[in-house]
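Visitor: Structure below; questions to follow.
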Amino acid sequence: MKKIVQTITRWYGRTVLDRPVIVVLCLIAVIAVLGYHAKDFRIDASAEALLLENDKDLRYARQIVDRYGVYDFLLISYTPNDEDLLAQNNLEALGRLRNEIEKLDWVESVLTILDVPLLESPPISYEDISDDIPNLQTPAIDKHLARIELRESPFYRDLLVSRDMRTTALVVNLKSDSIYNDLIARRDGYLDQQARVRLSPEEATHLDAVVEEIRIHQIRMNEIRHKNMAALRTIMDRYRPHAQLFLGGISMIADDMITFIKNDLKTFGLGVFVLLVFMLGIIFKNIRWIVIPMLCCFLAVICMMGVLGAFGWAVTVISSNFVSLQLIITLAIVVHLVVRYREFQSTLPRADHRTLVKETIRTKFVPCLYAALTTIAGFGSLLLCDIKPVIHFGWMMSIGILLSLGLTFLLFPSGVMLLKQPNPPTAPKYFRFSLTAFLARFTESHGITILIITVIFSILAVMGIYRLNVENSFIDYFKKSTEIYQGMAVIDQQLGGTTPLDVIIQFEAIDLEAEFAEEDEEFADPFDEATQAEDYNKYWFTEDRMEVIEKVHDYLDGLSETGKVLSLGTLLKIARRLNDGQALDSLEMAVLYTKLPAEYKDLILLPFVSFENSEARFALRIIDSMKTLKRDALLKRIKQDLVHQQKSEPDKVRLSGTMVLYNNMLQSLFASQIKTLGVVALALLAMFLLLFRSIKVALIALFPNLFSAGVVLGVMGWLKIPLDMMTITIAAISIGIAVDDTIHYIYRFREEIKTDGDYYKTLHRCHNSIGHAMYYTSVTIIIGFSVLVISNFWPTIYFGLFTSLAMLIALVAALTLLPQLLVLFTPFGPDSARVADHREE
């Protein structure tokens, strides 16, 4: 092994140190290629990017969409400055806005209060329903009665108008993406076949081709969606002088999240970069120790973006902070090299330039390598998730760490060799407080206190972790001062909620042909096949079914977490109002079904009943801004209550929609991240054993890493910050950050203890050498990332705060707890000072 190391060292010296120009030219060529692929770097915040591909609920949700013709939709809230919503000028403006939106080629239809049937203005009997049902645009409409009907209607209230009649909504139904749906169907077909039997080489090739087509199509559709949202907002802007308008909907949220992430990457990426430069200037006071580190950081990020572009991996909201993490990891490596180089300048004043660089690389490569490998192990928990973007994030960080390591150990020595040897650092002529020296003295004097504080904080951390919960509130991603938050709040609280949820009730099938044959002959006129099928449908509305549907509707509508509930029960309630408060029987319902115009069937009936599958759909919207909302508990409660209420089999009641899919994603992410921390701990323990070849040292090294991650998670629990798709990776990030300090300190401690065997003297030497590098890195990153707190996007703020907190905890633990454990357990042999004292006694 020693010969191999010597051979590699000689090769490295001849290649990198003796030919720095060639190395730099080769790096330029590689970076140019990767930089070209960086043009394909993209961000994807679409719902599809975050769903579990093997989730059975996802396939069922797609079936429900196809079965009921459920459109993806946007909501536009419209509050006129004139308080009278039904004033003629307001209705005319609303009509013009609707007409402009309908002309957009990606819009299927727009539903407003102008278009819906008014059955009580004046009241008409259900028997008199015909094609000529009045609406707000009918000249003879009674606006006073219309106002009452809109405010009190089970269908329109909280859907198209707010309860105070100040705000109305435009429901913009979007055209279905038939190309995407076809690609998904083809992919799922191959995946179903793969689950049964092994795919042939040709079929596997076709599957890969379909997956690539989906990726390319999603890229194109994301770009189109952004243009569509911009076009819609342009139309809305023309009406803002006379009304307050807000836009909402899942597509809008996805597009705005991409915009926020891109803006944060640009604005705060530059801000972090500038602050890092500023901090390096304060610490090292030498232009080369600013340019070389930041060049390494910048080029590492460019290379990683090129790798992502080449592999076609999209950066999602989960992995959006990879750039910042790459900066942290690269900067940490470079700062350790700079500090070590400057140490050798002081300890080897007669050494030439090449020797200083060679010794720096020789002494720092192994600890940096193992720090990188253990950091990769820390991020390894991400690979255990079922969500592809999370898995990609794990691979991103693993590849990014290796890229940073390789690039730094090529660019740093080459760059330094191309420059003249700098002047050695001079000691300050004035008194300067040294935090590392203070912590060394504090550790020596108050070792027991440190252990007691650690135990207390560990207990508090565990208590905080037990207080953690998993939630996903889109509205809470944005500050209250932002337009997107205000718009979502208006729609959420005044227009029936934000997050869609479908409840499907399966009924026992009945023999409609037999039912039809038993009816009186006056209802059995001869039909052709098409009209006969339509006639069969009217017999679906049995009194037992309608009773069940109304009970389920009332139960769902009575939940405090639900906003608007639409179902066949909504139509039954409207019909009761038209029938003098009496519920319709099955025959009267058949008459209503027959007389209801086709356009209104498509609006208030067919989206909620599947005759072919003998089931009813209840379309809910959940109030996303409700502070006490517990999504997973709510879904389980709805399922259990309905199964108990109907006394039916569990498979007869199913939940679907966006809320179910996102909850599944969160629960999977929580399980893979929190419950697999033990696996990560074992992986780190194995890496420490491999590096230090001592179980005692490995256990000592492991504890500060788990302590750092535990405290960060505990703080989140005490502050009631929920784990969601943006914050749940903080555990892996905390471990990845803490590992670096731990390995560098123990590796240096092991080398220094050989000098005299005195643990406390070694502690002071380590604090005054490697401690400086750890301190410089941590302080630079903490201050650099403080700029993120002024973002309007809470996930970015949380990332900046908790990354800084993890850095601070890791630094303090590595300079107090870790050395105290080393002194306490003496893993590198007996303490010479203690032995001497014992002999004197």
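The values are calculated or read from the model by the stated rules, or taken from the named source; none is laboratory data. The structure displayed is predicted, hence computed values, not measured ones. Note that each Cβ is placed from the backbone with ideal geometry, even for glycine, and that neighbours are counted across all protein chains shown. In case anyone asks, the SASA skips ligands and DNA or RNA and just uses the protein heavy atoms, side chains included. Shrake-Rupley method; radii C 1.70, N 1.55, O 1.52, S 1.80 Å.
Visitor: Nearest 0.05, what FRET efficiency do Met463 and Ser786 give at R0 = 22 Å with Cβ-Cβ as r?
Guide: 0.20
Visitor: Follow-up question, since we're still on this one. Which entries in the list Lys573/Lys601; Lys266/Lys720; Lys639/Lys720; Lys103/Lys227; Lys175/Lys636; Lys479/Lys627 go over 23 Å, if you measure between the two C-alpha atoms of each?
Guide: Lys266/Lys720; Lys639/Lys720; Lys175/Lys636
Visitor: Under 5 Å between amide hydrogens, which residues at least 5 positions from Thr499 or on another chain qualify, with H placed 1.01 Å from N in the peptide plane?
Guide: Distant-sequence amide H within range of Thr499: Ile622, Asp624.
Visitor: Need the C-alpha centroid separation for the range 634-687 versus the range 173-193, integer Å.
Guide: 25
Visitor: Please give the helix 143-152 orientation as an angle from the longest Cα principal axis of the chain, in degrees from 0 to 90, rounded to the nearest 10.
Guide: 50
Visitor: Counting only helical runs of four or more DSSP H residues, what would the 222 nm mean residue ellipticity of the chain come to if each run contributes -39,500 (n - 2.57) and the total is spread over all its residues?
Guide: After summing the helix terms and dividing by the residues of the chain, the value is -21000 deg cm²/dmol.
Visitor: What is the distance in Å between the Cα centres of the range 298-330 and the range 590-608?
Guide: Centre-to-centre distance over Cα atoms comes out at 53 Å.
Visitor: If all Cα-Cα distances of the chain are sorted into 20 Å bins from 0 onward, what percent lands in each bin, rounded to whole numbers?
Guide: Percent of Cα pairs in each bin: 13, 38, 28, 15, 5, 0.
Visitor: Run down the lysines and flag those whose C-alpha is under 16 Å from the C-alpha of Lys388, throwing out any fewer than 8 positions away in its chain.
Guide: Hits, sequence-local ones excluded: Lys56.
Visitor: For the range 539-625, what is the Kirkwood hydrodynamic radius in Å, using each pair of distinct C-alpha atoms?
Guide: Hydrodynamic radius (Kirkwood, Cα pairs) of the range 539-625 is 13.5 Å.
Visitor: Further, regarding this structure: To test your reading of the geometry: what angle, between 0 and 90 degrees and rounded to tens, separates the Cα axis of helix 322-347 from the longest principal axis of the chain?
Guide: 10
Visitor: Which entries of Lys538/Lys630; Lys285/Lys696; Lys358/Lys754 have Cα-Cα distances beyond 32 Å here?
Guide: The answer is Lys538/Lys630; Lys285/Lys696.
Visitor: Measuring with a 1.4 Å probe in the full set of protein chains, what accessible area per residue, in whole Å², belongs to the chain?
Guide: Per residue, the chain has an accessible area of 44 Å².
Visitor: Suppose R0 equals 30 Å; then what is the FRET efficiency for Glu203 and Ala598 from their Cβ-Cβ distance, rounded to the nearest 0.05?
Guide: According to the calculation, E is roughly 0.10.
Visitor: Also, I was wondering about something else. Please state the Cα pair-distance histogram of the range 335-487 with 5 angstrom bins from zero: what percent is in each bin?
Guide: Histogramming the range 335-487 at 5 Å steps yields 2, 7, 9, 9, 10, 12, 14, 12, 11, 8, 5, 2, 0, 0 percent.
Visitor: Using Cα pairs under 8 angstrom and six or more residues apart, how large is the relative contact order of the chain, in percent?
Guide: Computed value for the chain: 19 percent relative contact order.
Visitor: I'd like the carbon and sulfur percentage of the solvent accessible area for the chain, probe radius 1.4 Å, heavy atoms only, ligands and nucleic acids excluded.
Guide: Carbon with sulfur: 59 percent of the solvent-accessible area.
Visitor: Quick check: net charge around Asn286, other residues with Cβ under 13 Å of its Cβ, Lys/Arg +1 and Asp/Glu -1?
Guide: That works out to +4.
Visitor: For the range 340-425, what size does the Cα cloud have along each of its three principal axes, sorted from largest down, in whole Å?
Guide: 57, 22, 18
Visitor: A follow-up question, please. Could you state, as a whole-number percent, how many of the C-alpha pairs of the range 192-253 are farther apart than 17 Å?
Guide: 62
Visitor: If you find the alpha carbon centre of the range 252-295 and of the range 373-427, how far apart are they in angstrom?
Guide: Rounded to whole Å, the Cα centres lie 17 Å apart.
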